[in-house]
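A quick write-up on the structure given underneath.
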Amino acid sequence: MKKPKPRTYAFDFDGVIAHYNGFKGAKHVGKPNAKIVDAIRLLKERGHKILIYSTRASAQLRAYCKEHGIPVDYFNKNPNLRGANPGKPIASVYVDDRAITYRGQSAKKLIEDMENFRPYWK
């Protein structure tokens, strides 16, 4: 199998890397999601870069990942690719528990999807 070109994958933190069932204070952080951590490790083995984007402070994310042995390259930014808006890190793919994928659907269908959306943990 041909090795894919290295990409940067951006993962949300709460509800993706760490289990989450609602905000309980800035210091409360869920246990690692083993399936996601396994995926991150496999992606790293394949030569990809991993980025975490979150409303949490980068220092808190870095400490959590170090404590749990989660290999991450960047926290809340991608220094290798600079965009016009530093608020959104540039990545090949975004993994988020609160996302709707826009695939060209009509405005009506998009709004229906948005209004009916619930994260998996609710």
Among the residues of region 108-115, are any at pLDDT below 90, in a helix (DSSP H, G or I) and surrounded by 11 or more Cβ atoms within 10 Å (Cβ to Cβ)? yes
Go through (1) closer than 21 Å to H28 by Cβ; (2) touching a residue at least 24 places away in the same chain (Cβ under 8 Å) and name the single condition S92 misses. (1)
Which pairs turn up if I take residues in region 11-25 that are over 19 Å from K88 (Cα atoms) and look for partners that are part of a strand (DSSP E or B) and among the acidic types (D, E) with beta carbon separation below 7 Å, at least 6 apart in sequence or on another chain? Y20/D14
State yes or no: is A39 of a type in the set (A, V, I, L, M), under 23 Å from S92 (Cβ atoms) and surrounded by fewer than 19 Cβ atoms within 10 Å (Cβ to Cβ)? yes
Number of positions in region 13-34 that are exposed (fewer than 11 other Cβ atoms within 10 Å of the Cβ) and at pLDDT 95 or above: 2
Would you confirm, using the coordinates I've provided, whether V93 is within 30 Å of K3 (Cβ to Cβ), surrounded by fewer than 17 Cβ atoms within 10 Å (Cβ to Cβ) and either modelled with pLDDT of 90 or more or within 15 Å of the chain's Cα centre (by Cα) (or both)? yes
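The values are calculated or read from the model by the stated rules, or taken from the named source; none is laboratory data. All of these numbers come straight from a predicted model, not from anything done at the bench. Because the Cβ atoms are built from the backbone with ideal geometry, glycine has one as well, and the counts that use them run over all protein chains shown.
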